[in-house]
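The values are calculated or read from the model by the stated rules, or taken from the named source; none is laboratory data. Since the model is a prediction, treat every value here as computed from it, not as a measurement. Don't worry about glycine lacking a Cβ; one is built from the backbone with ideal geometry, like all the others, and counts go over all protein chains shown.
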Amino acid sequence: MKQEPDDDQHWLDLMAGRAAPEADARTRKEAAWFRAALLSYRLGAPPGAPTAPDERAARLLTRARDAGVIATAANEPQGKFKPARRWWLAAGIAACALLLVRVPSLWTEDESHTLRAGAAMQRIVSPTPMQHRDQMLQALTGAGFDAHPYERLGRPGIDIDLPVPLPPIQADALRKLGLLPPKGPALQIEFILPPESARQ
Amino acid sequence: MPLSAQSFTQACREGGRQIETWLRVIDREHGARFYREAATSLRCWQAAEDVVQEAMVKVWQRCATFHGPGDPVAWIHQVVRNTLLDALRQRTSQAPHELPLHDEEGQLTAQAQEAVLELSRATVATPERTLGEHQVEAVFRRCFEQFAAAHPEHATVLRWVVEEGLDNAAIEALLERSPGATREFISQCRKKARPFFASWYELVGPA
């Protein structure tokens with residue numbers, strides 16, 4: 001059954017639901033039936049279900065990292081902090097300073113704010129941990145850090161992914177926020193109540 | 001973050017976290033339909049995930065070739081479909097055919113035709129026995145399954161043509177072929193489909 005090239009084009013147009021007035025009757029009939037059947041008996045997805053979205057997204061990101069499309073925290077290039085982001089960093093630090101001025105109560109109670117330095121975890125004692133965490137988070141993200149909030153055993157905290165080695169501009173930014181720049185690729189900050197409040 | 005051409009080109013230029021955010025958002029907002037579409041053609045959810053994720057990585061490896069101000073999601077969808085067709089093509093070439101199904105002109109070999117007819121006789125009811133609509137549907141589905149098993153790429157493109165009204169330009173872009181090669185592909189779709197649907201055409205009587 002040899003078809004002319006035009007006839008195949010007519011067949012395609014009819015299959016796609018477009019008019020093909022020059023198509024011959026046989027082609028019209030063939031396409032009309034085939035199209036109607038394909039539309040009526042649409043093929044569904046196979047049995048089963050896709051992977052849960054979170055798991056799927058995690059696998060996608062791992063794959064993208066393996067392919068070098070996105071960098072891991074440990075090998076994030078230093079050049080990541082581009083000129084445009086320096087502006088944000090400066091603005092973030094300024095915003096943080098402003099925030100601290102506007103909320104003096106957090107920083108006037110010097111005795112209750114003890115910073116304990118650790119390699120990857122730093123704790124800040126605060127009478128209002130949640131509020132303090134949110135303010136710090138805002139300051140960090142405003143300064144261009146990749147910071148995420150978390151809560152563990154009722155203690156609010158912040159996870160920060162950092163490049164290694166840490167660029168001086170980011171190290172300075174952390175110091176200005178009262179944090180010690182860590183050596184590793186991540187920093188956790190936890191906000192805890194003073195011992196006397198925790199006992200009550 | 002809006003999935004706009006602007007945010008896409010910016011992520012492509014700057015990389016890092018912006019790409020990660022794009023990956024997360026596109027997977028959350030459009031992943032379900034991409035995975036479902038791939039699974040429908042591949043008949044396997046796991047293989048579908050593999051194909052879609054391979055496509056997502058490809059998107060960012062070649063993101064500089066995206067020319068705005070078009071819709072980047074539509075462009076990504078096309079990359080997903082390209083990758084899916086590649087997978088279907090590869091699957092066909094890896095299938096352990098002991099005998100060639102087609103002769104040099106692309107027609108079913110006599111042996112293959114006989115095998116299809118034999119399978120039809122064994123599994124498909126004859127026209128005399130099939131009266132109800134559900135039987136016609138069952139025959140069509142079986143014919144399509146056999147067609148899709150033998151020519152998955154052609155079956156998938158044909159389905160998209162019917163369901164979405166693709167024109168030659170859209171098929172060219174999907175296949176990444178020249179206009180001439182695309183016309184040949186369309187012709188092959190028709191030619192390759194015909195023997196598989198012979199028993200169904202016999203039943204409904206159009207050809």
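Here are a few things to note about the model shown:
- Residue list for segment A:17-31, filter: among the aliphatic types (A, V, I, L, M) and closer than 14 Å to residue B:187 by Cα: A:31
- Verdict on residue A:188 being at pLDDT 75 or above and assigned to a helix (DSSP H, G or I): no
- Among (1) surrounded by 17 or more Cβ atoms within 10 Å (Cβ to Cβ); (2) modelled with pLDDT of 85 or more - the single one residue A:143 does not satisfy: (2)
- Qualifying residue in segment B:142-164 (condition: at pLDDT below 90, surrounded by 21 or more Cβ atoms within 10 Å (Cβ to Cβ) and more than 10 Å from chain A (Cβ to nearest Cβ)): no
- Segment B:186-207, residues that are of a type in the set (A, V, I, L, M) and either within 10 Å of chain A (Cβ to nearest Cβ) or in contact with a Leu (Cβ under 7 Å, 6 or more places away or on another chain) (or both): B:186, B:193, B:204, B:207
- Criterion (assigned to a loop (DSSP other than H, G, I, E, B) and facing another protein chain (nearest Cβ under 7 Å)) met by exactly one of A:21, A:50: A:50
- Test: residue in segment B:185-194 that is touching a Phe, Trp or Tyr at 6+ places or on another chain (Cβ under 6 Å) and among the basic types (Lys, Arg): yes
- Qualifying residue in segment B:169-185 (condition: more than 15 Å from the chain's Cα centre (by Cα), crowded, with 17+ Cβ neighbours inside 10 Å and at the interface with another protein chain (Cβ under 7 Å from one of its Cβ atoms)): yes
- Criterion (more than 7 Å from chain B (Cβ to nearest Cβ), within 18 Å of residue B:185 (Cβ to Cβ) and not acidic (Asp, Glu)) met by exactly one of A:14, A:38: A:14
- Residue match in segment B:27-44 (condition: surrounded by fewer than 16 Cβ atoms within 10 Å (Cβ to Cβ), within 29 Å of residue B:147 (Cα to Cα), within 11 Å of chain A (Cβ to nearest Cβ) and under 16 Å from the mean Cα position of the chain (by Cα)): yes
- Residue B:73 vs. criteria modelled with pLDDT of 85 or more and out of contact with any Phe, Trp or Tyr (no Cβ under 8 Å at 6 or more places or on another chain): yes
- Any hit, segment B:56-70, residues being surrounded by fewer than 17 Cβ atoms within 10 Å (Cβ to Cβ), within 19 Å of the chain's Cα centre (by Cα) and either over 18 Å from residue A:55 (Cα atoms) or at the interface with chain A (Cβ under 9 Å from one of its Cβ atoms) (or both): no
- Close pairs (6 angstrom Cβ cut-off, 6 or more residues apart or separate chains): more than 20 Å from residue A:163 (Cα to Cα) and facing chain B (nearest Cβ under 9 Å) in segment A:55-72, at pLDDT 90 or above and outside any helix (DSSP H, G or I) anywhere: none
- Residue in segment B:131-141 that is modelled with the highest pLDDT, counting only those that are more than 11 Å from chain A (Cβ to nearest Cβ) and farther than 15 Å from residue B:197 by Cα: B:132
- Test for residue B:55: is it under 19 Å from residue B:171 (Cα atoms) and out of contact with any Lys or Arg (no Cβ under 7 Å at 6 or more places or on another chain): yes
- Selection status of residue B:48, in contact (Cβ under 8 Å) with a residue 12 or more places away in the chain, touching a helix residue (DSSP H, G or I) at 6+ places or on another chain (Cβ under 6 Å) and either surrounded by fewer than 16 Cβ atoms within 10 Å (Cβ to Cβ) or more than 9 Å from chain A (Cβ to nearest Cβ) (or both): no
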